[in-house]
Number of protein chains: 2
Amino acid sequence: MLGEIIAIGNELTSGRIPNTTSGFAAHHLFEAGFDIYAMHTIGDTPKLIGEALNRALGRVDFVLVTGGLGTTDDDLTTVAVSKALNRPTMPNLEILSLIRKHLDGNSGQPISSLEKLAWLPEGAETLNAKARMAGFQLIHDGKPIFFLPGIPHQMRTLLVEQVLPRLATWYKGRQLNSVQQVFKIFGIAESDVNLAVEKLALDTDVEIGYYPVFPEVHLSMTIRGNDKKKTDKLAKDTSRLLKKTLGTAIYGKDQDTLESVVGKLLLDSNKTLSVAESCTGGLISHLMTSIAGSSSYYLGGVTSYANSMKTTYLGVDENILNSKGAVSKEVAKAMAQGMHQKSGSDISLSVTGIAGPGGGSKEKPVGTVLIGMTNTKSTSVQRFLFSGNRYEIQRLTAQTALDIVRRSLLETKHQNNSSHLMAS
Amino acid sequence: MLGEIIAIGNELTSGRIPNTTSGFAAHHLFEAGFDIYAMHTIGDTPKLIGEALNRALGRVDFVLVTGGLGTTDDDLTTVAVSKALNRPTMPNLEILSLIRKHLDGNSGQPISSLEKLAWLPEGAETLNAKARMAGFQLIHDGKPIFFLPGIPHQMRTLLVEQVLPRLATWYKGRQLNSVQQVFKIFGIAESDVNLAVEKLALDTDVEIGYYPVFPEVHLSMTIRGNDKKKTDKLAKDTSRLLKKTLGTAIYGKDQDTLESVVGKLLLDSNKTLSVAESCTGGLISHLMTSIAGSSSYYLGGVTSYANSMKTTYLGVDENILNSKGAVSKEVAKAMAQGMHQKSGSDISLSVTGIAGPGGGSKEKPVGTVLIGMTNTKSTSVQRFLFSGNRYEIQRLTAQTALDIVRRSLLETKHQNNSSHLMAS
């Protein structure tokens, strides 16, 4: 079942207000088993509204129109629809009487400017009997068209409470069942993920999509079919195959973020983390503390942006700073160890590097980053050369540092599981 | 001059990813004096891509297409365009040779899967000579079409750095002169800004728009006319009037951010800053260091998320923590002073609060925040009660803290200027 979404408003085409309603509707309609053929955003122009509506009616099964239903002069949707579909507007008596009960606080007279809301195209059925919001439904050429207000929270309420149930009833004949999962991947390029998955020769009922969400790659798996048991089994099998193929590069699913996954691993292993940051300037700490409840496993950190901070707060030897430079393996190691000793955390991360645009040299170009990690047993330092602008280098560094913690925790978990197995 | 925007990607029509790029483009194009006739979001379907492009070419002066330019199988824009406009794809030799220099880390062979990026429709001109991103321009039927990647930060970069200047040159014949300025405001509600500006009864040629960009309010002033001298004068007068009306609530203009403005004020006054953060967890530090060159005035900070960090790194008295609690005026004061003394910075900020969703009490509900600031002369602490979710409370806290530094630096600057005047 195919639908189209048309969002109306000059505030949208001028970019003054971002269009959040179309994406919200697409997401919910897709989850309910409907596909969206196209979404359009147009200004309050009757001719264009009519054209877009008629074109959609000619090629899809239902249409959702948002915006332009208000009381002001630039709200032209109802008039445009009336003309385009040749359905004269007439007053909805129920709404009219409700509106006439609203009195102006000053004059005590009915508010006539609201009466515009009661005039709907012939055949329209209101979506909100109490007239607290605009919104109506038309059946035209045997296809449902829903008109919702553009105000996001009203639109969302009516979509969820009125449109989705009405569409489900309307198309109750369809048997389609859909399963969707998003796999979140870090550390492999999109093209390599694609190559690896191509080789799997998956079932033709499985639809795979890739999209980069910097600095990650997300892979979506969609399976639709008439037989719920069959689609569920296919989803399970495909999910297992993808996990086997991409291994630990898949860090999570659906709503997971790398920082929430690292947080969960720390919590599960009853370990605490602290971070000494230089070139990321607090970004790793910010990511960790964006998760509610992070105080259970995240102690905090030091942003040692200036060299003086590295000696004062992390105990990095001034001689090492002078002889090796702040961006060096030795300093990364000393930062991690200094953070670890003084904070008392189980694991400490350190990052030092050159985020640019200035500060690079032939030996240490912009993008050179050292990431250190220490726990009670050992300290490791890895060197990277990231490319991109300042924002990208900082983001890649933070993500890579968190991924190093994730992989280390996974390894420990795996070792513990193995030793349990051996003991039993 | 009219344009259309076409965003391509199944991840958009399924609502998995919100389309943020079209609104961004519409906003910037509108500001540059171009109107947007319609915006479309469609899936990776060649037929639909071709139809949308041809329809747009038939009715507007330029087209912007985003998405579907990547290396994977579901990136179909180039192929669809080639077919729809009857322009066979051919390799761009410059891009091809750049791509062939990228070697696979494992095999040492050129990465052939990237070569797809070098095949462009006949007549295409690349928008990014270094081939760091996809993106090209076509002139078809005398109209420019721009193809940009769907990855938001790449799309934004190319739009601002390539598309806007190219369009400006392309349509240099147009007589319309437009001046646009965005004023960035913090600390006043949108409705209050609106009320204050309404009272000014501005010239009818001045178009004022408001849009909240959390946690700020942005006010755009657009003036269009045929007489450049007249529009420039009107812009200057209106700008002066707006600044007089809204005062220091306007922290900057156009590309300014609060952190860049604070950085500039620190640089100008030759002062350094350090930050002790609790509930913001590194966000203030991250914002300060997002600015290139911030190492000249930003020393770094301590994220003392755990109480143990507050005593170890900031010297906060354990007795105060126990008697007054971590979220108290006394602890905010001790954090700022501890940071100031040990780091040797001129100014130190501190924040402690409850970002939620847990941790609130009747006396100190979620959103309770204390912000301290100290310089060599004095220490001040202010108490706030912010509302919103965890992200919003953290963001509001960081923004308010930086604004306190800004206002303090402005005051010092003003005092210095006054004393200079008196001395002269």
Size of charge dipole - segment B:258-423 - debye, nearest 20, with Cβ of Lys, Arg +1 and Asp, Glu -1, no other charges: 180 debye
Of A:83/B:47; A:310/A:362; A:310/B:264; B:324/B:362, pairs whose Cα-Cα distance is over 18 Å: A:83/B:47; A:310/A:362; A:310/B:264
Position residue A:324, label points 7 Å along Cα→Cβ, spacing to each other copy in nm (shortest first, one decimal): 4.0
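Cα-Cα over 28 Å: which of A:364/B:253; A:199/A:364; B:184/B:413; A:377/B:329; A:253/A:333; A:184/B:143?
Pairs exceeding the cut-off: A:364/B:253; A:199/A:364; A:377/B:329; A:253/A:333; A:184/B:143.
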CD proxy at 222 nm, helix term only [per DSSP H run n ≥ 4: -39500 (n - 2.57); per residue of chain A; nearest 500]: -12000 deg cm²/dmol
Helix B:329-343 axis, angle to chain B major axis (alpha carbon atoms, nearest 10°): 80 degrees
Dipole in debye (nearest 20) - the protein assembly as shown, about Cα centre, beta carbon charges: Lys, Arg +1; Asp, Glu -1: 1220 debye
Whole-angstrom gap from segment B:41-65 to segment A:46-95, using each part's C-alpha centre: 23 Å
10 Å-binned pair-distance histogram of segment B:258-423 (Cα, whole percent): 11, 41, 33, 12, 3, 0
Partner lysines for residue B:101 [C-alpha distance under 19 Å; skip if fewer than 8 residues away on the same chain]: B:116, B:130
Rounded tilt (10° steps) of B:21-31 against the dominant C-alpha axis of chain B: 90 degrees
Antiparallel DSSP beta bridges within the protein assembly as shown, as percent of all bridges there, nearest 5: 65 percent
In Hz, Karplus ³J(HN,Hα) per residue of segment A:308-313 (6.51, -1.76, 1.60; θ = phi - 60°; x = Gly, Pro): 4, 5, 5, 7, 5, 9
Angstrom value of the Kirkwood radius, inverse mean 1/r, which spans all Cα pairs in segment A:2-170: 16.2 Å
Degrees separating the helix B:228-246 axis from the principal Cα axis of chain B, which is the longest one: 30 degrees
Set of aspartates and glutamates near residue B:229 by C-alpha distance (under 18 Å), chain-local residues within fewer than 8 positions excluded: B:203, B:205, B:207, B:237
7 Å along Cα→Cβ, label-point gaps from residue B:384 to other copies, nm, shortest first: 3.1
Gyration tensor (Cα) of the protein assembly as shown, equivalent ellipsoid semi-axes in angstrom: 45, 36, 29
Whole-angstrom gap from segment A:180-223 to segment A:1-38, using each part's C-alpha centre: 25 Å
Per-copy distances of the residue B:160 label point, shortest first, in nm (7 angstrom along Cα→Cβ): 3.5
Simple Cβ-charge dipole of segment B:2-170, Lys/Arg +1 and Asp/Glu -1, about Cα centre, in debye nearest 20: 140 debye
Diffusion constant of chain A at 37 °C, which comes from Stokes-Einstein with the Kirkwood Cα-pair radius and 0.692 mPa s, µm²/s: 127 µm²/s
Residues whose placed amide H lies under 5 Å from that of residue A:119, excluding near-sequence neighbours: A:92
Separation between Cα centres of segment A:288-319 and segment A:132-164, rounded to whole Å: 51 Å
Selection from A:34, A:297, A:282, by position along the positive dipole direction of chain A (Cβ): A:297
Relative compactness, segment B:177-253, computed as alpha-carbon Rg over 2.2 N^0.38 Å: 1.06
Farthest toward positive dipole pole in segment A:306-424 [+1 Lys/Arg, -1 Asp/Glu at C-beta], among A:306, A:405, A:365: A:365
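The numbers here are math on the coordinates, done by the rules we state, and not lab data. What you see is a predicted model; the values in this text were computed from it and never measured. Here Cβ is always computed from backbone atoms with ideal geometry, including for glycine, and neighbour counts include all displayed protein chains.
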